[in-house]
Every structure is written in structure tokens, then in C-alpha cells.
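The values are calculated or read from the model by the stated rules, or taken from the named source; none is laboratory data. This structure is a prediction, so every number in the text was calculated from the model and none was measured. No Cβ is skipped: glycine too gets one built from the backbone with ideal geometry, and neighbour counts run over all protein chains shown. Accessible surface is based on the protein model in full, side chains and every heavy atom, while ligands, DNA and RNA are left aside. Shrake-Rupley method; radii C 1.70, N 1.55, O 1.52, S 1.80 Å.
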Amino acid sequence: MTKELFLKKAENFGRHFVLLLLIVVLLFPIYWMVVCSLMPTHYLTVLPPHFIPVDVTIENFVTILTTAKYLTYFMNSFITSFGTVALVLLIAIPAGYAFSRFQFFGKNVLLTSILSVQMFPIVVILISLYVFYLNLGWLSTYRGLILADTTFALPLAITLAKAFFDTIPRSLDESAKI
């Protein structure tokens, strides 16, 4: 075996070893979460810790799914995220297409105004948003949370949609018209 081949194999082994070590370090918290979820709670504070599950039980999962309001919280998150994504896509895709393809008066000013909304911290508008929702009766409702999340996600989504439509050749639009 030549020296160059040996050095190449050693370098390749070193790279793979470092990558494997990095993967183990990055995946360890997930492994630890699974191990802790399968053991009774009194084992979680024992020193030294048990890295292999002891007295495996699914009691923690049963507790979460029956006594806690986990499923309600999950459903709230699902409804909110699905509603926000649907509303953002419904508005951002046509807006991004319009900003990309059409020329109209004030296009750059309007696009800059939409993007400048991202510069304001959420805390700045919390009081006005609270009063607005209080007057509409939207406090603690899905539509209030969906509207608030949409307001904060829409500028970035419009900008990304515009950037995407800018990459599509206009000849495809002309071909579709034919």
C-alpha cells in the first residue's frame, strides 16, 4: 500500500469518524427523551443516570393522553397552524405573482412597505392588537390567533413568493397563454 493511498484512507476514516461522532452528539437528546419517557419518573433524578431504560412502562404516555389536555392542545396547534398556512398561501401566492409579473404605479413602494412590517417587533403592536380583538370579540378565538399569525408571516411569504416567481422564465407564461 502506498503512502498516498494510506493517507487518503486515513483522511476518509477521520472524516467518517467525526461525522459519526457529530451524529451521535446531535441525536443523543432525542435518544434521552425516548429513554426518559419509557421509565417511571422516580428514575429520572437518580445518579448516575440510566442510559438504558429500566422498568419500561408506557404509563407516562397514558397519563399524557388521558388526564392531561394534551390532545386539546395538539388540536389547537393544528387548527391554528393549518389555518395560518392556508390563509398565508392564499394571499401570498397571488401577491407574489402580481409583484413579480405586473408593472403598476407604486409597486416598489408597496413592496418595501410590506417588507418593512417585518422590522417592527411584535411587542410594539400588542396593545393595539389587544384592543382591536377586544372590540371585535376575537380574544381567545382561533380566528384571532390565525389573523395575528398571518399578519406576521405574510410579509416574508410574499417576498419569498415574489423571489420564486422571479426565477420562472416569462416564456412559460407566454406558452401557457397560447
*Shape call for segment 31-178 from the C-alpha gyration tensor, a ≥ b ≥ c root eigenvalues: rounded (a/c under 1.5), prolate (a/b greater than b/c) or oblate?*
prolate
*Among F6, V34, I127 - extreme Cα towards positive end, dipole of the chain, charges at beta-carbon*: F6
_Within 15 Å, Cβ to Cβ, of Q103, how many net charges do the neighbouring residues add up to if Lys/Arg are +1 and Asp/Glu are -1?_
+2
*Residue separation times 0.36 nm, minus the C-alpha to C-alpha distance between V56 and T2: what's the value?*
14.2 nm
*Label A10 and L22 with points 7 Å out from Cα along Cα→Cβ: what is the distance between them in nm?*
2.2 nm
_Cut-off under 21 Å on the C-alpha distance; same-chain residues fewer than 8 positions from K162 excluded. Which lysines are left, in chain and number order?_
K107, K177
*For segment 52-67, 3J(HN,Hα) per residue [Karplus equation, 6.51 cos²θ - 1.76 cosθ + 1.60, θ = phi - 60°, Hz, x = Gly/Pro]*: 10, x, 10, 6, 4, 8, 10, 4, 5, 5, 4, 4, 5, 7, 10, 7
*May I ask for the angle, rounded to the nearest 10°, between helix 142-167 and the longest principal axis of the chain, with both axes built from Cα atoms and the value confined to 0 to 90°?*
80 degrees
_I'd like the Karplus ³J(HN,Hα) series for segment 114-127: coefficients 6.51, -1.76, 1.60, θ = phi - 60°, whole numbers in Hz, and an x wherever there's a Gly or Pro._
5, 6, 5, 4, 5, 6, 7, x, 4, 4, 5, 9, 4, 5
_Just to confirm, what accessible area per residue do you get for the chain at 1.4 Å probe, in whole Å²?_
78 Å²
